[in-house]
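What follows is calculated from the coordinates using simple rules that are stated; it is not laboratory data. Every value quoted in this text rests on a predicted model; they were computed, and no experiment measured them. Every residue, glycine among them, receives a Cβ derived from its backbone with ideal geometry; neighbour counts consider all protein chains shown.
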């Protein structure tokens with residue numbers, strides 16, 4: 001697996017990852033709640049709750065649980081779905097009922113109530129997959145660096161779950 005990570009536009013976090021797995025399997029890792037539970041969240045985090053209505057205008061509600069037991073909830077709406085090619089969704093902090101809450105509820109400052117995540121999947125030779133993530137509307141600085149680290153740790157777990 002190779003990775004590339006950069007910021008092309010202000011407030012946009014871009015990550016490109018290459019997985020040694022067919023595109024259908026990588027796609028399923030994003031679209032099947034049980035598969036998402038295996039990899040969602042940074043190293044040492046678990047995903048005890050993953051609920052998805054995977055369709056355009058459908059909603060998701062995910063919970064990441066830290067090693068200290070603290071839970072971080074997120075929710076969003078699927079805006080665009082092109083099977084095995086693209087997912088566009090909103091991304092917001094939430095409470096356990098799926099209500100959008102301010103990032104300050106989790107001790108973080110400067111976040112808009114809603115961000116956007118765009119995932120693109122590309123079939124490569126030898127059964128491999130390229131996945132590109134764009135997470136936009138981000139506050140600049142340390143929080144972007146921490147989020148990049150969190151996504152990359154999650155994608156390390158995703159890669160492991162694909163074996």
Quiz item: When you scan segment 122-134, how many residues do you find that are within 23 Å of residue 144 (Cα to Cα) and in contact with a helix residue (DSSP H, G or I) (Cβ under 8 Å, 6 or more places away or on another chain)?
Solution: 2
Exercise. Just need a number here: residues in segment 116-151 that are under 20 Å from residue 76 (Cβ atoms) and in contact with a strand residue (DSSP E or B) (Cβ under 8 Å, 6 or more places away or on another chain).
Key: 18
Quiz prompt | Selection within segment 25-35 - without any contact (Cβ under 8 Å) to a residue 60 or more places away in the chain and not in a loop (DSSP other than H, G, I, E, B) | solution = 28, 31, 33, 34
Exercise. Would you be able to tell me the number of residues in segment 119-163 that are free of Cβ contacts under 8 Å to residues at least 60 places away in the same chain and at positive phi?
Key: 2
Quiz item: Which residues, counting only those in segment 82-94, are surrounded by 13 or more Cβ atoms within 10 Å (Cβ to Cβ) and within 23 Å of residue 122 (Cα to Cα)?
Solution: 84, 85, 86, 87, 88, 89, 90, 91
Quiz item: Among 51, 79, 38, which is surrounded by fewer than 17 Cβ atoms within 10 Å (Cβ to Cβ) and within 21 Å of residue 160 (Cβ to Cβ)?
Solution: 38
Exercise. Could you list, in sequence order, all residues of segment 54-76 that are within 24 Å of residue 88 (Cα to Cα) and loosely packed, with under 15 Cβ neighbours inside 10 Å?
Key: 55, 56, 57, 58
Quiz item: Going by the conditions given, is residue 22 loosely packed, with under 14 Cβ neighbours inside 10 Å, touching a residue at least 12 places away in the same chain (Cβ under 8 Å) and over 25 Å from residue 111 (Cβ atoms)?
Solution: no
Quiz prompt | Residue count, segment 115-126 (criterion: farther than 18 Å from residue 64 by Cα and surrounded by 13 or more Cβ atoms within 10 Å (Cβ to Cβ)) | solution = 8
Self-check item: Matching residues in segment 38-58 - criterion: being more than 19 Å from residue 157 (Cβ to Cβ) and in contact with a helix residue (DSSP H, G or I) (Cβ under 6 Å, 6 or more places away or on another chain)
Solution: 54
Quiz item: What pairs can you find where one residue is in segment 36-47 and without any contact (Cβ under 8 Å) to a residue 40 or more places away in the chain and at negative phi, the other is in a loop (DSSP other than H, G, I, E, B) and crowded, with 19+ Cβ neighbours inside 10 Å, and their Cβ atoms are less than 9 Å apart, with a gap of 6+ or different chains?
Solution: 46/40; 47/39; 47/40; 47/41
